[in-house]
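Here's the structure, in structure tokens; my notes come after.
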Amino acid sequence: MSREEQSGSESLRPSNETTHEHGERTFAVRVEPLGRTFEAPESLTVLEAAGFANLHLPRMCRNGTCRTCLCRLESGSVRYTVEWPGVSAEEKAEGYILPCVAVAQSDLVIDVPDAAEIPATPTPPVRRF
Ligand code: FES
């Protein structure tokens, strides 16, 4: 068993990282086929980071059990925030991850056909007196 399997992480290919002034590592996540990229710091799951970047990824439970967010990791590596994410050994071997409980450990490319941009909320009009 490899070191990554022992630590519960998924890795398909190593990639770069960015370290911010406060020491937190941040990675670039590209979502295909949308072609959208956002930053994912280690303090957030991939799903949370996508939301902060106004990108909607399919989700329901957000705790790794319903599998609504299941998607394919094309490249990169993640670790999980829960001990037993709902992904079978076969799915893991095929590169499937659960972004709601996955934290980027490298730059990622994920395949999420149902990903969508979250429309910007219009700014309410300013009333002058
Ligand atoms: S949203 Fe339920 S497993 Fe990810």
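Quick notes
- Placing a pseudo-label 7 Å from each Cα along the Cα-to-Cβ vector at ASN54 and SER75 gives an inter-label distance of 2.7 nm.
- Evaluated over the stretch 79-129, the Cα radius of gyration and Dmax, each in Å: 18.6, 64
- Exposure proxy for SER75, SER106, SER43: other Cβ atoms within 10 Å of each Cβ, ordered fewest to most, give SER43, SER75, SER106.
FYI, it's all coordinate maths here, none of it is from the lab. Just so it is clear, the structure is predicted and the values come from calculations on it, not from any experiment. Because the Cβ atoms are built from the backbone with ideal geometry, glycine has one as well, and the counts that use them run over all protein chains shown.
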